[in-house]
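Please read the structure below before turning to the comments.
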Amino acid sequence: EDQVTQSPEALRLQEGESSSLNCSYTVSGLRGLFWYRQDPGKGPEFLFTLYSAGEEKEKERLKATLTKKESFLHITAPKPEDSATYLCASRGGKIIFGKGTRLHILP
Amino acid sequence: DTEVTQTPKHLVMGMTNKKSLKCEQHMGHRAMYWYKQKAKKPPELMFVYSYEKLSINESVPSRFSPECPNSSLLNLHLHALQPEDSALYLCASSQGRIFSGANVLTFGAGSRLTVL
């Protein structure tokens, strides 16, 4: 059965303190690994799609990487406005979301 | 236009009411989705329409009835709901056939449903 597991569940960082979020996946025939950001009470907002091991994508303070078993979302020098829930989703036969990491950046 | 618009933003209904959630997109996307999301949980897929035809029903109770009148509109009709159905209901759309290619989901802001 396809599975996506995200860790940690929650993360509190000081402004400027870099860290990484993890997404482990077990998917038959991975056809894409997605990262979304979700603010409270709003719909998820697309960040990145990764297709193959070794691929990396960047956007402002965020960088996503992919291996054959996991993906990382690296956050460099985060700001309070980066506080949100970050969702990872895999696409094999269907799209499966992880439970997300709630990120809180303290000023 | 790169948005998915959902109405209403908030809905409170009794267990005997009939109401509908609406979703609209004008990006030319041919796949549209309904997701249900409870607090601190990931979105759960309910229904998928592809080219205006229902392609996936994730064993959703019949008190939820989807409808896709045309390629831009998606409705979710609600009847005789239970308090445990209270959640954020998200509509999404994507290009092409469902779960194909670089199938990025574009989500709406959601409709917050409270069942009393």
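Rule-based calculations on the coordinates, nothing more; no lab input. Everything numeric here is computed off the predicted structure, so don't read it as measured data. Counting neighbours? That spans all protein chains shown, and the Cβs are built from the backbone with ideal geometry, glycine included.
Summary table
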{"read-out": "Of residues in the stretch A:12-39 being of a type in the set (Lys, Arg) and within 14 Å of chain B (Cβ to nearest Cβ), the one nearest to A:Glu60 (Cα to Cα)", "value": "A:Arg37"}
{"read-out": "Some residue of the stretch A:61-82 being within 13 Å of chain B (Cβ to nearest Cβ) and either over 20 Å from A:Asp2 (Cα atoms) or assigned to a strand (DSSP E or B) (or both)", "value": "no"}
{"read-out": "Hey, B:Ser59 in a loop (DSSP other than H, G, I, E, B) and polar (S, T, N, Q) or not", "value": "yes"}
{"read-out": "One residue from B:Leu74, B:Leu88, B:Leu54 being hydrophobic (A, V, I, L, M, F, W, C), outside any loop (DSSP other than H, G, I, E, B) and loosely packed, with under 13 Cβ neighbours inside 10 Å", "value": "B:Leu54"}
{"read-out": "Odd one out for A:Lys42, checked against (1) under 19 Å from B:Gln37 (Cα atoms); (2) away from every other protein chain (no Cβ under 13 Å); (3) not in a strand (DSSP E or B)", "value": "(2)"}
{"read-out": "Residue list for the stretch B:36-64, filter: within 12 Å of the chain's Cα centre (by Cα) and within 14 Å of chain A (Cβ to nearest Cβ)", "value": "B:Lys36, B:Gln37, B:Pro43, B:Glu44, B:Leu45, B:Met46, B:Phe47, B:Val48, B:Asn57"}
{"read-out": "Qualifying positions in the stretch A:71-107 - buried (at least 16 other Cβ atoms within 10 Å of the Cβ) and among the charged types (D, E, K, R)", "value": "A:Asp82, A:Arg91, A:Lys99, A:Arg102"}
{"read-out": "Contacts under 6 angstrom Cβ, first residue in the stretch B:5-21 being over 18 Å from B:Trp34 (Cα atoms), partner in a loop (DSSP other than H, G, I, E, B), 6 or more apart", "value": "B:Gly14/B:Leu116"}
